[in-house]
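Asks: Below you'll find the structure I mean.
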Amino acid sequence: MAKQAATIDSLSGGRLTLGLAPGGRKDDFEASGADFSQRGRIFDQQLDEITAVWRGERGIGPVPRQGGRPGLLIGGRTDAAYQRAAKYADGWTVGGSPPAMVTQALGKLTDAWNAAGRTDRPRTMALFYFALGDGAEKMASDSLGDYYAFLGDYAQQVVSGAAKDVATVRQYLAGFEAAGTDDVICFPASADVSQVDRLAGAALN
């Protein structure tokens, strides 16, 4: 993966940004034969290894274009995630969380950043789900409810938290901006390409 990422980074002129996290789906770990209970420790080992590859210490792959490695954001909502971001990355990312959660997290991220002796500013990125137009509730329920079924009852909270009207899209975007988030990914809960136009209309008008 480190070699592939460095190759893409080189081909794109240094425009690649990776978002990495241990993951929370136990069935993914079962399918790959990895130990779910050790995922944090394994992830730390992987970060050590891939950054060593990018520094040229393994003799593998091209040299990344920018700063000795591709852009890197670490995901997660634990203290360990903020510490990993400060140790290895340009910043932190989170998916499917409201602006209020990001506001709380950025304080912990800043503390971890300062504790690691970082003098730069961490980059931050958030993601929220949306479904717009007729049948928005069903789109969100069918897509997100199915994907997050492994979370049990919490899956319904994910569905409920998706933006399903123009007002909520604008509220989320304003909230993330107020929280100081650098970038926001608006993730459609439908494969219908018209959702892109609906989102543009909601965000820009």
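Read-outs throughout are calculated quantities, based only on the coordinates presented, and are distinct from any laboratory measurement. Computed from a predicted model, the values in this text were never measured in an experiment. Every residue, glycine as well, gets a Cβ built from its backbone with ideal geometry; the counts of neighbours run over all protein chains shown.
Asks: If the chain between residue 194 and residue 97 were fully stretched, how many nm would it gain, using 0.36 nm times the residue separation less the Cα-Cα distance?
Replies: The residue 194-residue 97 span can extend by a further 32.5 nm.
Asks: Here's another thing I want to ask about it. Grab the Cα-Cα distance for residue 77 and residue 138, subtract it from 0.36 nm times how many residues apart they are, and report the gain in nm with one decimal.
Replies: So the chain would gain 19.1 nm between residue 77 and residue 138.
Asks: Continuing with this model, one more query. Residue by residue through segment 94-111, what is 3J(HN,Hα) from phi via Karplus (6.51 cos²θ - 1.76 cosθ + 1.60, θ = phi - 60°)? Round to whole Hz and write x for glycine and proline.
Replies: 9, x, x, 10, x, x, 4, 5, 5, 4, 5, 5, 5, x, 5, 4, 4, 4
Asks: Mind checking which of 165, 48, 27 has the largest fluctuation in a GNM of the chain, springs on alpha carbons under 10 Å?
Replies: Looking only at 165, 48, 27, the biggest GNM fluctuation is shown by 27.
Asks: Identify which of the listed values of volume of the Cα convex hull per residue in Å³ was calculated from the structure shown: (i) 197; (ii) 123; (iii) 145.
Replies: Computed from the coordinates, volume of the Cα convex hull per residue in Å³ corresponds to (iii).
Asks: Sticking with this structure for a sec: With a Förster radius of 22 Å, plug the Cβ-Cβ distance of residue 118 and residue 38 into 1/(1 + (r/R0)^6) and report the FRET value to the nearest 0.05.
Replies: It comes out at approximately 0.20.
Asks: Separate question: Specify, per residue and in Å³, the volume enclosed by the convex hull of the alpha carbon atoms belonging to segment 1-73.
Replies: Spelled out: Cα convex hull of segment 1-73, divided by residues, is 93 Å³.
Asks: Another one. Convert 25 °C to kelvin, take the viscosity as 0.890 mPa s, use the Kirkwood radius over C-alpha pairs of segment 165-205 as Rh, and evaluate the Stokes-Einstein diffusion coefficient in µm²/s, rounded to a whole number.
Replies: Numbers: Rh = 10.9 Å.
Estimated via Stokes-Einstein, D reaches 225 µm²/s.
Asks: If I fit a long axis through the Cα atoms of helix 79-88 and take the longest principal axis of the Cα atoms of the chain, what angle between them do I get, 0 to 90°, rounded to 10?
Replies: 50 degrees
Asks: Using a Förster distance of 30 Å, how high is the FRET efficiency between residue 52 and residue 150, based on the Cβ-Cβ distance and rounded to 0.05? Numbers along the way, then the final one.
Replies: Working: r = 33 Å, r/R0 = 1.10.
Calculated value: 0.35.
Asks: When 1, 125, 101 are ordered from fewest to most other Cβ atoms inside 10 Å of their Cβ, what list results? Mind showing how you got there, number by number?
Replies: Working: 1 11, 125 21, 101 14.
Starting with the residue having the fewest Cβ neighbours, the order is 1, 101, 125.
Asks: Averaged over all directions, how much area does the convex hull of the C-alpha atoms of segment 50-127 cover when projected, in nm²?
Replies: Values: hull surface 22.4 nm².
Here the figure is 5.6 nm², rounded to one decimal.
Asks: What per residue convex hull volume, in Å³, do the alpha-carbon atoms of segment 127-196 yield?
Replies: Spelled out: Cα convex hull of segment 127-196, divided by residues, is 88 Å³.
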